[in-house]
Amino acid sequence: MSTPRMPGLAGGAAALWLFSACSASDDPPVTPEPAPVEVAVELGTGEAEFEPIEGEPTLEMAAGFQGGFHVWLSVLGSGFEDERLDMKFVTALDGVLDSDLTMRATQKGRQVTNAEGEVFWTFAGYPGQVKDARCAHGKRVRLQVTLSDPVGREATDERFCIVALDEQYRSEDCE
């Protein structure tokens, strides 16, 4: 014997099933977020093209036309999509307080592909000034670069070198 409630319960259960089935299909399909693109930078040397800095080489400082001295810095960046990247270079005499020099530039890179098919942006020949360069001959220098793009991705690399300066440019008034 059926009571008047049974058909109502059965109808309610069917409506609930139909509602849940419809609402589930109304949800947009879940698409996984793309993996963030990893960016990287390698600091090197070279006036005309990138040359890697391996170990702690001695880098000869060049005399600039305005009377300063610098080491040639070059950069390889990977994972960046824009050809114009912001660069921040910092040089400092290792262990010497207040010897940091910060240089900033926005440069247009050149795309290169290595033997493994990896694509890089290269930026060659940036003059990395060294503070008190006339007294820096034979000293250890920390070189640092931070490369960033317009969407806020950035990468940093740090290297060390010993700087050399031709004797004719060295100061005799060094501490």
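The values are calculated or read from the model by the stated rules, or taken from the named source; none is laboratory data. Bear in mind that the values here come from a model prediction, so they are computed numbers and not experimental data. All Cβ positions, glycine included, derive from the backbone under ideal geometry; neighbour counts span all protein chains shown. What goes into the accessible areas is simple: the full protein's heavy atoms, side chains included, and nothing from ligands, DNA or RNA. Shrake-Rupley method; radii C 1.70, N 1.55, O 1.52, S 1.80 Å.
If R0 is 25 Å, the Cβ-Cβ spacing of CYS174 and ARG104 corresponds to a FRET efficiency of close to 0.30.
With a cut-off of 12 Å between beta carbons, the residues surrounding GLY125 carry a summed charge of -2, where Lys and Arg count +1 and Asp and Glu -1. Accessible area per residue for region 85-159, computed on protein heavy atoms with a 1.4 Å probe, is 55 Å². In summary, the lysines within cross-link reach of LYS139, defined as a Cα separation below 20 angstrom excluding same-chain residues under 8 places away, comprise LYS131.
Ordering of 79-86, 38-45, 168-175 by packing is 38-45, 79-86, 168-175, highest average first (other Cβ atoms within 10 Å, averaged per residue). Counting protein heavy atoms only, region 87-175 has 41 percent of its accessible area on carbon and sulfur, 1.4 angstrom probe.
Bridging of LYS88 to aspartates and glutamates at a Cα separation below 15 Å is possible for GLU42, ASP100, ASP149, GLU154, ASP157, GLU158, once same-chain residues fewer than 8 apart are set aside.
One decimal place: the segment LYS131-ASP166 gains 11.0 nm when fully extended, by the rule 0.36 nm per residue minus the C-alpha distance.
Residues of region 142-168 with backbone nitrogen within less than 13 Å of a virtual label 7 Å along the Cα-to-Cβ line of ASP86, please, listed as ranges. So the set is 146-155.
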